[in-house]
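Peer 1: I have a structure I would like to understand better, so I am pasting it below and will then ask my questions one at a time.
The values are calculated or read from the model by the stated rules, or taken from the named source; none is laboratory data. All figures in this text were calculated on a predicted structure; none of them were measured in a lab. We place every Cβ from the backbone using ideal geometry, glycine too, and count neighbours over all the protein chains shown. With ligands, DNA and RNA removed, areas are computed over all heavy atoms of the protein, side chains included. Shrake-Rupley method; radii C 1.70, N 1.55, O 1.52, S 1.80 Å.
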Amino acid sequence: MTTRPVVYVTRRIPETGLAPVREACQVRLWEEELPPPKSVLLQEVADCDGLLCLLTDPIDEEVMAAGTRLRVISQMAVGVDNIDLRAATARGIPVGHTPGVLTEATADFTFALLMAAARRIPEGVDYVRAGKWRTWEPMGLLGVDVWGATLGIVGLGRIGTAVARRARGFAMHILYYDPTRRPDLEAELGVEYAELDDLLARSDFVSLHCPLTPETHHLIGEAALRRMKPTAILINAARGPVVDPDALVRALSEGWIRAAALDVTEPEPIPPDHPLVSLPNCIVVPHIASATVSTRERMAAMAAENLLAGLRGERLPYCANPEVYARPL
Ligand code: DGY
């Protein structure tokens, strides 16, 4: 009888992912609502062949050193900034992620945030709930137009591009900034390349879709926010630390920009008494851009696919550190 590989799964995930892993492996599942503490993670990985983790788990050098048998790390997310990819590559551990399957859900949600901030939907809901709706008001809860406005997309990858496609339906003028210029998308979608400073100065909406890297950490800080129009709205459905939260509080309180809508924050979760939570011109939601039933089911299935491929010694179908396969044996 062959022994089945041991796998640690750091949280309950949809059955589309859990079932195939259970079928092929000996699964140890962290059943709690909150992520496992680091001490638990270190203990659990010690005898594991595979790790199926989430973006809330810091998978650093220490965890990898503890997981001496680890042959694969599979994350149920596209972003892998919580994982030390360099350390994984150095140890020959492939890291799986879930690109593509959450693109459309995330782009839908980005637009939902954009519209909600532009048209002040949460404030309207609060207004009705507080019993303040007494008549139709000619000048009550006025927002700004989305149709025909200028949208600046920072990061024209899969999700940024999907947002651009939606923006075309609103006749928006679309600027983009990305380290890689995309003449193909410029031609196909009519998007205009702009340097970041130029984009910030010209956009009515600035939407962030870049990965979190040392280069993008606090990319949107005081200088960037001061460059934006006082009427502009910032949307972040990328990663919290792309925006400097202290600078954003000042920008929103002092009117450097009009409003912000955040799916992600720094820190995450943001404490309920943080000023960004109570500012009327800031919408904060709990990192739910990919949270649809079918998207989460596909993410889980993809994470299982990566994990099982790694355990079989096959190349991961969706690998975040493909350079691991180029390293000399
Ligand atoms: C990801 O997959 O990186 C997303 O942030 C999850 O919503």
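Peer 1: Projected onto the charge dipole of segment 196-278 (+1 at Lys/Arg Cβ, -1 at Asp/Glu Cβ, origin at the Cα centre), which of I257, P272, G221 gives the Cα projection farthest towards the positive end?
Peer 2: I257
Peer 1: Turning to a different aspect of this structure: At 1.4 Å probe size, put K132, K38 in order of accessible surface, largest to smallest. Walk me through the intermediate numbers first.
Peer 2: Values: K132 115, K38 65 Å².
The most accessible residue leads, giving K132, K38.
Peer 1: Could you give the accessible area per residue of the chain, probe 1.4 Å, as a whole number in Å²?
Peer 2: Details: 15800 Å² over 329 residues.
Computed with neighbouring chains in place, this is 48 Å² per residue.
Peer 1: Order M299, M115, most accessible first, counting only protein heavy atoms with a 1.4 angstrom probe.
Peer 2: If we order M299, M115 from most to least accessible, we get M115, M299.
Peer 1: Based on the Cβ-Cβ distance of E123 and T2, what FRET efficiency does E = 1/(1 + (r/R0)^6) give at R0 = 56 Å, to the nearest 0.05?
Peer 2: Plugging the Cβ-Cβ distance into 1/(1 + (r/R0)^6) gives 0.40.
Peer 1: Using alpha-carbon positions, what is the distance between the centroids of segment 149-179 and segment 289-328, in Å?
Peer 2: 27
Peer 1: Considering only DSSP beta bridges whose two residues both sit in segment 180-317, what percent are antiparallel, to the nearest 5? Intermediate results must be reported in sequence, preceding the final value.
Peer 2: Working: 0 of 12 bridges.
Bridges in segment 180-317 that DSSP calls antiparallel: roughly 0 percent.
Peer 1: If ligands, DNA and RNA are left out, what is the accessible area of R298 with a 1.4 Å probe, given in Å² to the nearest 10?
Peer 2: Rounded to the nearest 10, the figure is 110 Å².
Peer 1: Quick one: divide the alpha-carbon radius of gyration of segment 45-141 by 2.2 N^0.38 Å and tell me what you get.
Peer 2: Taking the Cα Rg and dividing by 2.2 N^0.38 Å, one obtains 1.79.
Peer 1: Turning to a different aspect of this structure: Quickly estimate the mean residue ellipticity at 222 nm for the chain, helices only: each DSSP H run with n ≥ 4 gives -39500 (n - 2.57), and the total goes over all residues, rounded to 500. Don't skip to the end; give the middle numbers.
Peer 2: Numbers: 13 runs with 118 residues, N = 329.
Value at 222 nm, helices only, nearest 500: -10000 deg cm²/dmol.
Peer 1: Counting only protein heavy atoms and using a 1.4 Å probe, what share of the accessible area of the chain belongs to carbon plus sulfur, as a whole percent? List each step's numbers first, then the result.
Peer 2: Numbers: 8790 of 15800 Å².
So the carbon and sulfur contribution to the accessible surface is 56 percent.
Peer 1: In the full protein assembly as shown, how much of I270 is accessible to a 1.4 Å probe, in Å² to the nearest 10?
Peer 2: 30
Peer 1: Can you give the Kirkwood hydrodynamic radius for the chain, in Å, rounded to one decimal and based on Cα pairs? Don't skip to the end; give the middle numbers.
Peer 2: On the way: mean 1/r = 0.0471 Å⁻¹.
Its Kirkwood hydrodynamic radius stands at 21.2 Å.
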